[in-house]
1. For the residues 103, 50, 163, what sequence is obtained by ranking on other C-beta atoms within 10 Å, fewest first?
2. Express the relative contact order of the stretch 7-160 as a whole percentage, based on alpha carbon pairs under 8 Å and six or more residues apart in sequence.
3. Ranked by Cβ crowding within 10 angstrom, fewest neighbours first, how are 152, 48, 62 ordered?
4. Give me the mean projected area, in nm² to one decimal, of the convex hull enclosing the Cα positions of the stretch 7-160.
Amino acid sequence: MESFTDRRDCALGAIGVDDLRLAVALYMRTAYATTEPPETIKRRLDWFESPLIEDILAHSPFERTPGRDDRPEGRALRLGNCYYPHMKLVITPWDWRRGKLLSVDSHDQLRISADDPEEKAALELLQARNARIKDEIESAWDEAGLPTHANFLREYLEERRPSR
């Protein structure tokens, strides 16, 4: 992934700076619940200062994520966790009044040969830990009312519920 430096195609302005800071704080609290984050991760929390989300997302440490189908590209912030440095907070444009979704990409879908049972067991343990941390982070975001897939589905279903 490359850093985003051209604001023209940044379609993520619907997320607010305060929401982003809250999402990162909840992420960090969960991902590093038992340990201090490494210095490289702490440096990624030192963002370009601006009241405009487009300016913040247009600079390092935010990275582009590829768009899918007709969706524009998103952004990611590699924050890792206490077990694995590559987990990411992801901001995806979404056709929804809130304009975006927050998610966690565990970034751990590696292929390990079944010939080495120790490597396979280590990867499975890492993936299980990452899945638990991902679920905890996204649940915290959901409870805080941030734009998650779960919140999108709840609102979507609520809007389509027949009135009584």
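1. On the way: 103 18, 50 13, 163 3.
Fewest to most other Cβ atoms nearby, the residues stand as 163, 50, 103.
2. Reported as a whole number, the value is 21 percent.
3. 48, 152, 62
4. Reported value for the Cα convex hull: 10.7 nm².
Bear in mind that the values in this text are calculations on the coordinates, not laboratory data. These numbers come from a predicted model, not from an experiment. Don't worry about glycine lacking a Cβ; one is built from the backbone with ideal geometry, like all the others, and counts go over all protein chains shown.
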